[in-house]
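Here the structure comes first, spelled out in structure tokens, and everything after it is commentary.
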């Protein structure tokens, strides 16, 4: 089944693509790969939908949901960049930054929200990817998570 059909079946609404800025782009195609800039759980005006640090204001489950929102933002920008998510051949690489309070040491559990979404949308053969999850002290506007991703696409 195509990714676009799965999105409809799952009842997902992708946000509009994030806009490029004067000094950076949100998605860049090089050859058969699309490199995605960091996306977080933000609205189209770049205001956070979720704020807080994991292990202080937010639980792992809440962070997981925020990572899923970041995933929807990535998919919205990717679709806007390439036209259709059915062009995705593979989710290749994911890097997740998790805003952690001191002592919170399971950022990988937070990033499951993003990874699980990729498998739901693309299926395991395409959606499974390499991933690193890094706990950090601060993120833009106190977002709980920011995600970069690399996709392989067909021409």
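A short reminder: the numbers here are calculations on the coordinates, not readings from a lab. Quantities reported herein were computed from a predicted structural model and do not represent experimental measurements. All Cβ positions, glycine included, derive from the backbone under ideal geometry; neighbour counts span all protein chains shown.
Please compute the alpha carbon radius of gyration of the range 91-141, then divide it by the globular-protein estimate 2.2 N^0.38 Å. Two decimals is fine. Walk me through the intermediate numbers first.
Numbers: Rg = 12.2 Å, N = 51, 2.2 N^0.38 = 9.8 Å.
Taking the Cα Rg and dividing by 2.2 N^0.38 Å, one obtains 1.24.
How much length is gained if the chain between residue 5 and residue 128 is pulled fully straight, taking 0.36 nm per residue apart and subtracting their Cα-Cα distance, in nm to one decimal?
Here the segment from residue 5 to residue 128 would lengthen by 42.4 nm.
Anyone know which of 70, 137, 101 comes out most mobile in the 10 Å Cα GNM of the chain?
Of 70, 137, 101, the Gaussian network model singles out 137 as fluctuating most.
Give me the mean projected area, in nm² to one decimal, of the convex hull enclosing the Cα positions of the chain.
One quarter of the hull surface, i.e. the mean projection, equals 8.6 nm².
If I fit a long axis through the Cα atoms of helix 107-122 and take the longest principal axis of the Cα atoms of the chain, what angle between them do I get, 0 to 90°, rounded to 10?
Value to nearest ten degrees: 20.
If one takes the longest principal axis of the Cα atoms in the chain, at what angle in degrees, from 0 to 90 and to the nearest 10, does the Cα axis of helix 60-82 lie?
30 degrees
Would you calculate a helix-derived [θ] at 222 nm for the chain, using -39,500 (n - 2.57) for each DSSP H run of n ≥ 4 and dividing by the full residue count, to the nearest 500?
Calculated from helices alone, the mean residue ellipticity at 222 nm is -10500 deg cm²/dmol.
When the chain is modelled as a GNM with alpha-carbon springs shorter than 10 Å, which of 42, 28, 75 fluctuates the most?
Highest fluctuation among the options: 28.
Percent relative contact order of the range 1-101, based on C-alpha pairs within less than 8 angstrom and at least six residues apart?
36 percent
By DSSP, what percent of the beta bridges with both residues in the chain are antiparallel, rounded to the nearest 5? Intermediate results must be reported in sequence, preceding the final value.
Values: 20 of 29 bridges.
Percentage antiparallel, nearest 5: 70.
Between residue 13 and residue 43, what is the spin-label point distance in nm, taking each point 7 Å from the Cα along the Cα→C-beta axis?
Taking the two extended label points, one gets 1.3 nm.
Under a 10 Å cutoff between Cα atoms, tell me which one of 61, 138, 45 has the largest fluctuation in the Gaussian network model of the chain.
Maximum among the listed residues: 45.
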